[in-house]
Amino acid sequence: MRMGDSVPGILTDEWKFVAEDAHRVAERVREYDRDCRLAVHVPTHQLGVARWTVASFAEGGAWMIAFRCRDPETGEPMIGEPDERVLWLMDRFDMWKQANPGRLAKAAAEIQRRRAEHLEEADRERNAEMAEKFVRGWKLKEGIKDKIYVPAGAGGIS
């Protein structure tokens, strides 16, 4: 695990962002919630999740430690290299998801619908390309030229 910059903000002294880790957990934390970052408490090496919040006490917003990671089975602080348990804890403590279960399902359905549309469009384009290649190959085999040049003023047409 490689540590990055210090976490700026109130009550975040001695916390640093995790820049890189073996299992790409820091990257997946950002994917799960774009306002969150994986952090580590430097003296204890305990993992935590920092969240960007807009608050009245900090103009524009501030980073705050949303929670310190603890092993779900033993309750011991999670120390060292991050793993899947961090993402499990984020899912467990996701208040928006708990308060809006229907909206989350609708959002997931919308993402799946868009993905299916995108795949259908890609299939149509690929099929059109294959059809063009087939026709071009057939014309080549039969000796039919794609473009026929008729010089201007060539007889018969007035």
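The values are calculated or read from the model by the stated rules, or taken from the named source; none is laboratory data. Not measured: the values here are computed from a predicted model. Because the Cβ atoms are built from the backbone with ideal geometry, glycine has one as well, and the counts that use them run over all protein chains shown. Note: accessible area is taken over every heavy atom of the protein model, side chains too, but ligands, DNA and RNA are not part of it. Shrake-Rupley method; radii C 1.70, N 1.55, O 1.52, S 1.80 Å.
Miscellaneous remarks
- Potential lengthening of the chain between R2 and A128 amounts to 40.6 nm, from the contour at 0.36 nm per residue minus the alpha-carbon distance.
- In this structure the chain gives 75 Å² per residue of accessible area when probed at 1.4 Å with all protein chains present.
- Förster radius 22 Å - calculated FRET efficiency between V42 and E81 (Cβ-Cβ, nearest 0.05): 0.90
- Per-residue SASA entry for H45, accessible area with 1.4 Å probe, Å² rounded to 10: 80 Å²
- Here the accessible area of the chain is 54 percent carbon and sulfur, with a 1.4 angstrom probe and all protein chains present.
- Computed extension gain for E117 through K147, at 0.36 nm per residue and net of the alpha carbon distance, reaches 7.3 nm.
- Accessible area (Å², 1.4 Å probe, nearest 10) - R51: 80 Å²
- Under a 5 Å amide H cut-off, with hydrogens placed 1.01 Å from N, M78 pairs with L47, C69, R70, D71 among residues at least 5 apart or on other chains.
- Spin-label model, D35 to E20: label points 7 Å out along the Cα-to-beta-carbon direction sit 3.0 nm apart.
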